[in-house]
Amino acid sequence: MSSVSYDPMLPDVRRDPYPHYAELRRKAPVAFIESTGFWAVARQRDVHEVLRSPDRFSSGPMRFIRTNGRPPANPMEAAGNIRAESLARMLEQLPFPAFELATARSVIYADPPGHTPLRAIVNRGFTPRRVAALEPRVRAIARECLAGARRKGELDLVTDLAIPLPVTVICELLGVDPERRDDFKRWSDAIVTSQTAGAEAPPSSAIPELILYLAEVIERRRREPREDLISTLLRAEEGETLKPAEVVTFALLLLVAGNETTTNLLGNALLALTEHPAELERVRRDPALVPALVEEVLRYDSPVQLLWREATRDVELAGVSIPKGSIVVPLLGSANRDDEAFPGADRFEVTRERPTHLAFGFGVHFCLGASLARLEARVALEELLALPRVTRKPGTRPERLDAFMLRGLRSLPLVLDTAG
């Protein structure tokens, strides 16, 4: 096996994985990484092969992943830092057996054929028509988030826009009671923090409290359906529906995945633009380029850098033999910087000719919320770039998430140049 320097646990790799990805593609495009025990897949064509072959590469390991590191050893570890008393209270008060929560099906880790009916059910909530209808409300939320920036002349892109926008949208999609939205925001912040901080995060009651709240809403929607996502998921069509525990599991997935994707996409977009002022000016002069900007950011600095798969049998990939049961990690961030697929891949070019990137995955597990993330990012960037000239706040540095599965920012202070 070729010796390569890629070790996702190292701080310098987390800060900038792209030179290490390039080394992998050059020296060992399918490499066993001894420090983590998984097989890294770096080239675009090989990542594509893994993602389109669920019969050979199962999504099962996604059940227990944590966004800041390796798959945990067991479900209790996957639960994260939960206060014991909160967990006990949740187990006592759940309106359905607790084992149903532990064994609930989920689209993120189910393989065909079981994945197919699940995907059909959750797709009901994300039809093109339903997502397109959200644009006026998404724009209103973005403007509300930016109102303070107009007054103060500055904002933190992440905390003032990139986090509250998707959280609010998800709240409204799920049908969260308006009087509980502050609680929902607190829960979502705590869950996202626990996912990205891992063992360093303090014990939290957020997950048990949120699960109990969702279970309560589900019981109400079963009796009195509304026009919200929870009611849609509970509504039987052609005999297919989700159990309450499965709706809870999906809502948690939507909260974490939906928040993180849009939040990281927006942070990475503004960072790339401020580091490439000519591209920023190009988009400011021609706002019609914003959709192309979104796609180039997804490719250039992918919000989700990798996924987890398991070899279902002995397989060969790019001439390398991978034993059955091995954890295989398709590196989306590396695939999207592959010069074979994207000439001059390390250049950030808003007007780049656009072969299909893999930022949202591929195949049966293509990101369910891709159209929503694109909508949120496009609208937010349109509104932000319509403000007076945006620049990085002097004397500050962007603060990266300490994670290797996700690529995003904790903070990005910006100022509005009212003279610009």
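If the condition is being touching a Leu at 6+ places or on another chain (Cβ under 9 Å), among the small types (Gly, Ala, Ser) and within 15 Å of ALA272 (Cβ to Cβ), then region 286-337 contributes SER302, GLY333.
Counted as qualifying within region 5-69 are the helices (runs of 4 or more DSSP H) with 2 or more residues that are more than 17 Å from TRP308 (Cα to Cα), namely 11-15, 18-27. Just one of the numbered conditions (1) of a type in the set (Gly, Ala, Ser); (2) more than 22 Å from ARG392 (Cα to Cα); (3) part of a loop (DSSP other than H, G, I, E, B) is not true of GLY333; which one? The one condition GLY333 does not meet is (3). Within the option set GLY258, GLY267, being surrounded by 18 or more Cβ atoms within 10 Å (Cβ to Cβ) and at pLDDT below 80 holds for one residue only, GLY258. Looking only at residues in region 5-47 that are among the β-branched types (Val, Ile, Thr) and under 23 Å from PHE342 (Cα atoms), the one that is modelled with the lowest pLDDT is VAL13. Determine whether GLU224 is modelled with pLDDT under 70 and acidic (Asp, Glu). Criteria not met by GLU224. Per the listing ARG124, ARG139, ARG150, the residue uniquely in contact (Cβ under 8 Å) with a residue 60 or more places away in the chain, assigned to a helix (DSSP H, G or I), touching a Ser or Thr at 6+ places or on another chain (Cβ under 6 Å) and among the basic types (Lys, Arg) is ARG124. The number of residues in region 95-108 that are among the charged types (D, E, K, R) and outside any helix (DSSP H, G or I) comes to 1. Would you confirm, using the coordinates I've provided, whether LEU416 is modelled with pLDDT under 90, within 20 Å of LEU266 (Cβ to Cβ) and in contact with a Gly (Cβ under 7 Å, 6 or more places away or on another chain)? Here the answer is yes, as LEU416 does meet what is asked. Taking the conditions (1) of a type outside the set (Val, Ile, Thr); (2) modelled with pLDDT under 90; (3) outside any helix (DSSP H, G or I) in turn, ASP111 satisfies each one other than (2).
The values are calculated or read from the model by the stated rules, or taken from the named source; none is laboratory data. Computed from a prediction, not measured in an experiment: that's the story for all the values here. Neighbour counts are summed over all protein chains in view; Cβ atoms, including those assigned to glycine, are modelled from backbone coordinates with ideal geometry.
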